[in-house]
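The next block holds one structure in the form of structure tokens; read it before the comments.
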Amino acid sequence: MLETIKRGLIVGLKTTWTLGKVIFPVTLLVTLLQHTPVLDWVISWIAPIMGWFGLSGDAAIPLVLGNFLNLYAGIGAILTLDLTVKEVFILAVMLSFSHNLIIESTVAAKVGLKIWIIVLVRLGLAFFSAFVINLVWNGGSELAKYGFVSTNEESITGWGSILLNGIEKASLGIFQLAIIVIPLMVVIQVLKELKWLDVFSRWMTPITKALGMKENTSTTLASGLLFGLAFGAGVMIQAVKEDNVSKKDLTLAFIFLVACHAVVEDTLIFIPLGIPVLPLLLIRVITATVLTMVIAFIWKRVEHNNRKEPIYGN
């Protein structure tokens, strides 16, 4: 057992190092960007198109902050604005699909996927869902009533202080990653050697098959659902190495997870906004399931047609 734990610790440390090399510089860069005109420029560019999705121009602020930073930044910005229930719900759905884009997309690249595919899928889902909700929902015109949440942040001035703040945030991000990934990798190593993961994979077989994936993708799928793309990536990277997850199955798993990941945290975090979170969760799960099944079906048809194409001799 001690050898098993030791192997899990080594894997956890290696994975933390791999992801840390991505998360630290990206977090530092984005923190510095907060104190430059860059984010304001992006907000001013996107504000005029907010009306297409039933949102006021101010709604661009939480949308940009949520995508550049994380859900907490986006929600914090929402709490400072006077928005209708419909606007808040649309923003919540959009941010559920598309948040923390820079870090989570870069992590996806570490697993072997194209960044542009992940970004395109997430932004596409965010804007398409907002357009549909605005189209079909005629209610929600009353002002949203937020729960009690503190959104005050200490004002930081001077580039020395800003740089120090960025380093602190980046270091905290690595620490949070380590305290989740390392114990998780130890547990998974133990489960693997006790053959419990084989049992779990068999339980997940109907779900993974329905989504067009093989059963060895179950660990990757479960880790992303529970821990999110950034934290779950540790398990995903290891699964690719040890479980021989194919590029096709990994791509399908990530397409599902970009629409629906960290289902507990990323759902409960919206409660202070005073919106119904169950419909929010259902939208994510149903969208992820349908999207993945459609792409898996198209992929299978393309593969089948390619095999049927005649090969002509010289």
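Structure above, values below:
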| read-out | value |
| --- | --- |
| Pick from the range 232-263, criterion modelled with pLDDT of 70 or more and in a loop (DSSP other than H, G, I, E, B), ranking: nearest to the chain's Cα centre (by Cα) | H261 |
| Failed item in (1) at pLDDT below 80; (2) outside any loop (DSSP other than H, G, I, E, B); (3) open to solvent by less than 50 Å² (accessible area, probe 1.4 Å), with F227 passing the rest | (3) |
| G212 being closer than 30 Å to T84 by Cα, in contact with a Lys or Arg (Cβ under 8 Å, 6 or more places away or on another chain) and modelled with pLDDT of 85 or more | no |
| Criterion: farther than 22 Å from V285 by Cβ and either open to solvent by 30 Å² or more (accessible area, probe 1.4 Å) or not basic (K, R) (or both) - qualifying residue of I115, I75 | I115 |
| Residues being open to solvent by 70 Å² or more (accessible area, probe 1.4 Å) and farther than 27 Å from T106 by Cβ - total across the range 8-57 | 2 |
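The values are calculated or read from the model by the stated rules, or taken from the named source; none is laboratory data. Keep in mind the model is a prediction, meaning the values are calculated, not measured. Quick reminder, even Gly has a Cβ in these numbers, built from the backbone with ideal geometry, and neighbours come from all protein chains shown. When the accessible area is computed, the model is the full protein with side chains, heavy atoms only, and any ligands, DNA or RNA have been set aside. Shrake-Rupley method; radii C 1.70, N 1.55, O 1.52, S 1.80 Å.
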